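Have a look at the structure below, then the notes.
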Amino acid sequence: MAGKKPVAPKKRLTEMSHCAGCAAKLKAGDLATVLGGLKGAASHPRALVGFNTNDDAAVYQVAPGMAVVETVDFFPPLVDDPFQFGAIAAANALSDIWAMGAKPLFALNLVCFPDELPLKTLQKILAGGQSKADEAGIPILGGHSIRDPEPKFGMAVTGVVHPKKVLTNAGAKPGDVLLLTKPVGTGIATTAIKRGLASKALMKRVTAQMATLNKAAGEVFASGAFKVNALTDVTGFGLLGHLLEMMNGAKTRAAVDLERIPLIAEVPALAEAGVIPGGTKTNLAHVKKQVTFPEGLPEHIQWLLADAQTNGGLLASVPARHALKAIQALEKAGVDAALIGEVQAGRPGIDVIG
């Protein structure tokens, strides 16, 4: 009797990814080097925001009362479920529009896909992305796909905003408070998932957080109900990296209260055990010259603050007198916001306190 034909084990999405657990961005320092010789927004009178300030999206004025906001983002799988991967990648791309105080209009898909995976997997990835576009209330109007040994997915998203209502990352002022709308730790958590070290509860929690749109928070910050001096989202360069971009852009200094920074449950213990993605270590090395930590602060806590995030929360710089109104408005919209520190005058940088 002939033996049964052996069945090949099912290939996991993250097995094909070289960057699971990080946002797969260029190092912050390397990015500054390669962009240093280019003109950016300064080269065109209608370009309101370019790459010069390391902002979240480009802004181009097309009429006296309208500017187009454009962003693009894609990366390899962070989770094995293809639908959830598509949802996370789409939510991450959409976030940059809300981080500029803008409203998304439509999106285009960006796909890299290997021959070894079945097309059914790609269909699920695209369905995940579509689910988030539907939630955001926008259509997907096309896109581009190529063969690639490593699967990748994301979107180019187009939005609009009034030229005088653009929220950049460079307007923070001394006396502002800093509000953060999601806990930190997705990079460490997804690394733990890839290594088989994450509990089912953590897997469920972090997947849900990464797939949660920043729509509600973005609309509150753009509402005009209170003053917002600067806004960004926390993604691949981590909380410290994106906050430092904000402080460098405004030539101000941040004091951050370690005890107030929300962290995903289980992640601190994983960090202490050394479950750290390479992107997080690179982030910390890049910001250290401009960040002071409490004496004796363990390195794993420093890694947490520099952890490379995927679709992290929005980080806002709001005048202190408007802080309570902002927090109440966010709560009413179903967003938990943490007041993590304040903006001060001084040499650009960050002081971590606690």
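Using alpha-carbon positions, what is the distance between the centroids of region 217-248 and region 291-354, in Å? Region 217-248 and region 291-354 have Cα centres separated by 10 Å. Subtracting the Cα-Cα distance of ARG321 and VAL160 from their residue separation scaled by 0.36 nm leaves 55.1 nm. Of all beta bridges that DSSP places with both ends in region 96-206, some 60 percent have antiparallel geometry. The GNM of the chain, with springs linking C-alpha atoms under 10 angstrom apart, assigns the highest mean-square fluctuation among LYS132, LYS200, LYS332 to LYS200. Of GLY238, GLY187, GLY274, which has the largest mean-square fluctuation in a 10 Å C-alpha GNM of the chain? Result for the chain, Cα springs under 10 Å: GLY274 fluctuates most. The simple spin-label model puts a point 7 Å past each Cα toward its Cβ; for ILE146 and LEU258 those points are separated by 4.4 nm. Looking at this model, which pairs from LYS152/LYS200; LYS124/LYS288; LYS152/LYS173; LYS103/LYS124; LYS152/LYS325; LYS204/LYS227 are more than 30 angstrom apart at the alpha-carbon? Cα-Cα > 30 Å for LYS124/LYS288; LYS152/LYS173; LYS152/LYS325; LYS204/LYS227; rest within. Would you kindly calculate the translational diffusion coefficient of region 219-354, applying Stokes-Einstein with the Kirkwood radius from alpha carbon pairs, for 37 °C and a viscosity of 0.692 mPa s, and quote it in µm² s⁻¹ without decimals? The calculation lands on 211 µm²/s.
The residues of the chain present an accessible area of 45 Å² per residue when probed at 1.4 Å with all protein chains retained.
Here the chain is scanned for GluC sites (Glu not before Pro) in DSSP loops (not H, G, I, E, B) that have at most 11 other Cβ atoms within 10 Å, and the longest stretch holding none of them is 117-294. Overall shape: oblate for region 92-217, with the ratio a/c of the largest to smallest alpha carbon gyration tensor axis at 1.5 or above and b/c at least equal to a/b.
In the chain, what percent of the accessible surface is made up of carbon and sulfur (1.4 Å probe, ligands and nucleic acids excluded)?
Carbon and sulfur atoms account for 57 percent of the accessible area of the chain.
In the chain, if every C-alpha pair distance is counted and binned at 10 Å from zero, what percent goes to each bin? Taking all Cα pairs of the chain, the binned fractions are 6, 25, 35, 24, 8, 2, 1, 0, 0 percent.
Say we join alpha carbon atoms closer than 10 Å with springs in a Gaussian network model of the chain; which of ALA201, ALA250, ALA89 then has the biggest fluctuation? Result for the chain, Cα springs under 10 Å: ALA201 fluctuates most.
The values are calculated or read from the model by the stated rules, or taken from the named source; none is laboratory data. Note that the coordinates shown come from a computational prediction; the quantities given were computed from them, not determined experimentally. Don't worry about glycine lacking a Cβ; one is built from the backbone with ideal geometry, like all the others, and counts go over all protein chains shown. Side chains are part of the model used for accessible areas, which takes the heavy atoms of the whole protein and leaves out ligands, DNA and RNA. Shrake-Rupley method; radii C 1.70, N 1.55, O 1.52, S 1.80 Å.
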